[in-house]
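Enquirer: One structure coming up, written as structure tokens, with questions to follow.
The values are calculated or read from the model by the stated rules, or taken from the named source; none is laboratory data. What you see is a predicted model; the values in this text were computed from it and never measured. Methodologically, a virtual Cβ is constructed for each residue, glycine included, from the backbone with ideal geometry; neighbour enumeration extends over all protein chains shown. Protein only, heavy atoms only, side chains kept; ligands, DNA and RNA dropped before computing areas. Shrake-Rupley method; radii C 1.70, N 1.55, O 1.52, S 1.80 Å.
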Amino acid sequence: MSVARQGRRIEQRGLWFEEFEVGATYVHAPGRTVTEADNVLFTTLTMNTQPLHLDQAASEQLPPFHDRLVNSLFTLSTMVGLSVNQLTQGTIVANLGFSEIRFPAPVRHGDTIYAETVVTGKRPSESRPGEGVVSLRHQAVNQRGEVVALAVRQTLVRMRPGGAS
């Protein structure tokens, strides 16, 4: 099926280095509801045999939660993944590193994760012309507004091709 082309063509993408605003908060939508299948699949694909994620009977005996919890690395991956469309889709060169990763509250099956990102800094790359380092602070909350994950991430992002504004 062909769509008639009229007017300007707008492609979905992340932000070029120049478009990131230091201090701005980017709110990512939609959220992501985590299912039991998500948790079991991610946990087993990553070779994690922790009963806290896989064994309901054993988890019920473990204080303080007495229930299976979602794998924290799934939570981290989902939080970052929720930001991709808005921030880095097609414009990122690489993740340079993560720091200050924390999980203040657990995620349970059926919880919905929402994320937002604050740009905490940016600078042109000293070694890679046409690219820049962007520092991001991601935060994820559940449907009750409880913070479930925090992470600071450094990314290498392309500058706008040709330097156009």
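Enquirer: If you wrap a convex hull around the C-alpha atoms of region 1-88 and split its volume per residue, what is the figure in Å³?
Expert: It is 175 Å³ per residue.
Enquirer: Taking the Cα centre of region 9-165 as origin, work out the dipole magnitude from +1 charges on Lys and Arg Cβ and -1 charges on Asp and Glu Cβ, in debye rounded to 20.
Expert: Numbers: 14 positive and 15 negative charges, 97 e Å.
Charge dipole, region 9-165, about its Cα centre: 460 debye, nearest 20.
Enquirer: Roughly what % of DSSP beta bridges within the chain run antiparallel, to the nearest 5?
Expert: Taking every DSSP beta bridge within the chain, about 100 percent pair in antiparallel fashion.
Enquirer: Turning to a different aspect of this structure: With the crude spin-label approximation of a point 7 Å out along Cα→Cβ, what separation in nm comes out for A37 versus I10?
Expert: It works out to 3.4 nm between the two label points.
Enquirer: log₁₀ I(q)/I(0) of region 81-165 at q = 0.13, 0.19, 0.21, 0.25 Å⁻¹, via Debye over equal Cα point scatterers, no solvent, to two decimals?
Expert: These q points yield log10 I(q)/I(0) values of -0.48, -0.86, -0.98, -1.24.
Enquirer: Using the Cα gyration tensor of region 73-117, with a ≥ b ≥ c the square roots of its eigenvalues, what is the shape: rounded (a/c below 1.5), prolate (a/b larger than b/c) or oblate (neither)? Don't skip to the end; give the middle numbers.
Expert: Values: a/c = 2.70, a/b = 1.57, b/c = 1.71.
Oblate, since a/c reaches 1.5 and b/c is not below a/b.
Enquirer: A58 to L156: extension gain in nm, 0.36 nm per residue of separation minus the Cα-Cα distance?
Expert: On the way: separation 98, 0.36 × 98 = 35.28 nm, distance 4.26 nm.
Once the chain is fully extended between A58 and L156, it gains 31.0 nm.
Enquirer: Could I have the simple spin-label model distance between L45 and E126, label points 7 Å from Cα toward Cβ, reported in nm to one decimal?
Expert: Here the answer is 3.8 nm between the modelled labels.
Enquirer: Follow-up question, since we're still on this one. Which label belongs to the value computed from this structure, given these candidates for percent of Cα pairs over 29 Å apart: (i) 19; (ii) 26; (iii) 32?
Expert: From the options (i) 19; (ii) 26; (iii) 32, the structure gives (iii).
Enquirer: Right, next: Expressed as an acute angle from 0 to 90° and rounded to the nearest 10, what is the orientation of the C-alpha long axis of helix 72-81 relative to the principal long axis of the chain?
Expert: 20 degrees
Enquirer: Counting heavy atoms of the protein chains only and a 1.4 Å probe, report the per residue accessible area for the chain as a whole number of Å².
Expert: Roughly 58 Å² per residue, with all protein chains present.
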